[in-house]
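The values are calculated or read from the model by the stated rules, or taken from the named source; none is laboratory data. Quick caveat, the model's predicted, so the values are computed rather than measured. Here the Cβ positions follow ideal geometry from the backbone for every residue, glycine too, while neighbour counts run over all protein chains shown.
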Amino acid sequence: MEIPFVTEPRKDTGLYNAKVGIWLFLASEVMLFGGFFSAYILLRVGSVEGAWPMGLLNVPIGTFNTLVLIVSSVTVVLAWSALKLNQFGKYKFYQAITILCALTFIMVKSFEYRDKFTHYDVVLNNGTRVDGHLVERTDDHIVLSHPVSYPAEKGIGYRPTAIEEAKKHGHPSEEAASSDSEDHGDGHAEAHDHGHGGHGDMTIAVSDIKKMVNWGPWANTYFAIYFTMTALHALHVIGGALVIAYLWGPGAKMWKTDPERYTNRVEVSGLFWHFVDLVWIFLFPVLYLL
């Protein structure tokens, strides 16, 4: 039995079956990510003024990943166009670049995740909060590299740039004078090393620690939604890359037997990939820039 409309368009929609299916699927994906974006907006708007963490993500790395996905969107189109022009060799070349871009994106994202999971927030018994990358941990002490210290009540990820903003508007905070940190004018602050290690490291006795947690999804609301949204997006990148890789490799046999249907499959995978790229175009400014 031959399945109709696998290559020729349906009369009622003007599209072949796979294209109708992918558009319906993408509609459900819009609702999925729309729900997460709505939750993010409500959580941020409903947070206490000044309590929402900002500037904790690496913007240059996020920008690089954005450019990687934009390039992959271009190569997907070029690959499909090459098939329409019966240039299978060019299709293989362009789609190989797409797969390479997907792998690059995942590698960079894994680097970002590792950076967050090794970045610790430490609340001390004296009411001070210190965060930095954990480089050593023993039964007696821990060592944080490039630590930043501030009052514990400020919450995870507080940065003295907020104090600079207050000064600029003529409302210097009293905590700016008493804060155990210095602003070096570049938007970053380093904790004073009270004889604990030096060279950008701080040694803290375990007995002085009241609470300690890394910057994972359990750290606070901001990191919870950051990891949820970016991890879900990364799963979509992996899924899309696997489909593209299959069509590029074993699935390419169909090009010899049914080139039009194969071209349609490549187009459908490309539509999904464009959606994945578009989601990141929204995620990047929302999470990294705002």
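Kindly indicate which of 282, 272 is of a type in the set (Phe, Trp, Tyr), at pLDDT 95 or above and exposed (fewer than 15 other Cβ atoms within 10 Å of the Cβ). Spell out the reasoning first.
On the way: 272 fails: exposed (fewer than 15 other Cβ atoms within 10 Å of the Cβ).
Result of the check over 282, 272: 282.
If you take the residues of region 193-213 that are assigned to a loop (DSSP other than H, G, I, E, B) and exposed (fewer than 13 other Cβ atoms within 10 Å of the Cβ), which of them is modelled with the highest pLDDT?
Out of the qualifying residues, it is 199.
Give me the pairs, please: first residue somewhere in region 255-273 and farther than 17 Å from residue 78 by Cβ, second residue anywhere and among the charged types (D, E, K, R) and surrounded by 20 or more Cβ atoms within 10 Å (Cβ to Cβ), beta-carbon distance under 7 Å, and either six or more positions apart or on two chains.
From residues that are farther than 17 Å from residue 78 by Cβ, there are no pairs.
Can you tell me which of 35, 62 is under 18 Å from the mean Cα position of the chain (by Cα) and not assigned by TED's automatic domain parsing to the domain that holds residue 225?
Values: 62 fails: not assigned by TED's automatic domain parsing to the domain that holds residue 225.
Going through 35, 62 in turn, just one is under 18 Å from the mean Cα position of the chain (by Cα) and not assigned by TED's automatic domain parsing to the domain that holds residue 225: 35.
Assuming residue 101 fulfils every condition listed in (1) within 24 Å of the chain's Cα centre (by Cα); (2) within 22 Å of residue 225 (Cβ to Cβ) apart from one, which condition is it?
(2)
Return the only residue of 42, 15, 56 being within 27 Å of residue 152 (Cα to Cα) and surrounded by 11 or more Cβ atoms within 10 Å (Cβ to Cβ). Before the answer, list the steps.
On the way: 42 fails: surrounded by 11 or more Cβ atoms within 10 Å (Cβ to Cβ); 15 fails: within 27 Å of residue 152 (Cα to Cα).
Result of the check over 42, 15, 56: 56.
Are any residues in region 143-155 surrounded by fewer than 20 Cβ atoms within 10 Å (Cβ to Cβ) and of a type in the set (Val, Ile, Thr), and if so, which ones?
Hit for region 143-155 is 143, nothing else.
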